[in-house]
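Student: Let me begin by handing over the structure; questions about it come next.
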Amino acid sequence: MEMKCIVGIGGVTNGGKTTLTNSLLKVLPNCCVIHQDDFFKPQDQIAVGEDGFKQWDVLESLDMEAMLSTVQAWMSNPRKFARAHGVAVQPDTLDTHILILEGFLLYSYKPLVDLYSQRYFLTVPYEECKWRRSTRRYEVPDPPGLFDGHVWPMYQKYKQEMEANGVEVVYLDGMKSREELFHQVLEDIQNLLLNRS
């Protein structure tokens, strides 16, 4: 019997989502990934908000319908999806397929929320997040004041909405070492697969 498992690696900007995702990709069998950042709308479609900033950190900046249809393509034929994305399907684990969704607003789009087998949410404190963000180089550089004026308030807004909507997530402390987070989540996913087999 084919077993399909969708894991969300969500949470705060610069919380360690991509690092964790890349570590898991290397060790999980037949594992594909969909990055939410690949679904940003073109820059000219991003509105300027009342805060004076381009609204990159809101759900409307993302083509979530396209993301959902990509997830559905994986669900309907994970083997074909894996091959199309250059993932070698291991013969001894043919029946197990894992999809990781990685992004900062994974749990705010209703049609996706119920598809996850497991949802993770990385958090780091404000000061650390601001520092990490300042060290990153983005294709569209952050204008001065963006973090305090838009990024952090939107993170708080969507996190509060997620909690108010009762979306169950496993919180991960992004201040822990990469190895610790990796082993915690890997063990979790392995147990999830064992319990479903």
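The values are calculated or read from the model by the stated rules, or taken from the named source; none is laboratory data. Quick caveat, the model's predicted, so the values are computed rather than measured. Cβ: placed from backbone, ideal geometry, glycine included. Neighbour counts: every protein chain shown. Areas reflect the complete protein model, heavy atoms only, side chains present, ligands, DNA and RNA absent. Shrake-Rupley method; radii C 1.70, N 1.55, O 1.52, S 1.80 Å.
Student: Near the amide H of R119, under 5 Å away, which other amide H atoms are found, from residues 5 or more places off or on another chain, if H is placed in the peptide plane?
Tutor: G8, V170
Student: Give me the dipole magnitude in Debye, nearest 20, for the stretch 1-115 about the Cα centre, with unit charges on the beta carbon: positive for Lys and Arg, negative for Asp and Glu.
Tutor: 460
Student: With charges set only on the Cβ (+1 for Lys and Arg, -1 for Asp and Glu), what does the dipole of the chain come to about its Cα centre, in debye to the nearest 20?
Tutor: 460
Student: In what sequence, largest accessible area first, do W56, W131 appear using a 1.4 Å probe?
Tutor: W131, W56
Student: Specify the angular offset, from 0 to 90 degrees and rounded to the nearest 10, of the alpha carbon long axis of helix 152-164 from the longest principal axis of the alpha carbons in the chain.
Tutor: For helix 152-164, the angle is close to 50 degrees.
Student: Further question: Using θ = phi - 60° and the Karplus form 6.51 cos²θ - 1.76 cosθ + 1.60, what ³J(HN,Hα) does each residue of the stretch 13-26 get, whole Hz, x for Gly and Pro?
Tutor: Once θ is set to phi - 60°, the couplings for the stretch 13-26 become 4, 6, x, x, 4, 5, 4, 5, 4, 5, 5, 5, 4, 5 Hz.
Student: Next up: Report, ordered by chain and residue number, the lysines lying within cross-link reach of K157, taken as a straight Cα distance under 26 Å and ignoring same-chain residues fewer than 8 apart.
Tutor: Counting by Cα, and skipping residues close in sequence, K157 has these lysines nearby: K17, K41, K54, K110, K130, K176.
Student: Enter the angle in degrees (range 0 to 90, nearest 10) between the Cα long axis of helix 64-76 and the first principal axis of the Cα atoms of the chain, meaning the one along which they spread out most.
Tutor: Between the helix axis and the principal axis of the chain, the angle is about 10 degrees.
Student: Tell me which of S76, L112, P143 sits at the most positive position along the dipole axis of the stretch 16-171, charges placed on C-beta atoms (Lys, Arg +1; Asp, Glu -1).
Tutor: Result: S76.
Student: Apply the Karplus curve 6.51 cos²θ - 1.76 cosθ + 1.60, θ = phi - 60°, to the phi angles in the stretch 117-130 and return the couplings in whole Hz, x for Gly and Pro.
Tutor: Taking θ as phi minus 60°, the curve returns 7, 8, 10, 10, 9, 7, 10, 9, x, 3, 4, 5, 4, 4 Hz for the stretch 117-130.
Student: Ignoring ligands, DNA and RNA, what percent of the 1.4 Å accessible area of the stretch 1-41 is carbon and sulfur?
Tutor: The C+S portion of the solvent-accessible surface of the stretch 1-41 is 51 percent.
Student: What is the extension gain from D37 to A164, computed as 0.36 nm multiplied by their sequence separation minus the C-alpha to C-alpha distance, in nm to one decimal?
Tutor: Contour length minus the Cα-Cα distance gives 43.2 nm.
Student: Which whole-number percentage describes the relative contact order of the stretch 6-108, with Cα contacts under 8 Å and a sequence gap of 6 or more?
Tutor: Computed value for the stretch 6-108: 52 percent relative contact order.
Student: In Å², what does the accessible area per residue of the chain work out to with a 1.4 Å probe?
Tutor: 53
Student: Name the residues whose placed amide hydrogens come within less than 5 Å of the amide hydrogen of T96, ignoring near sequence neighbours (fewer than 5 apart) on the same chain.
Tutor: For T96, the qualifying residues are M3.
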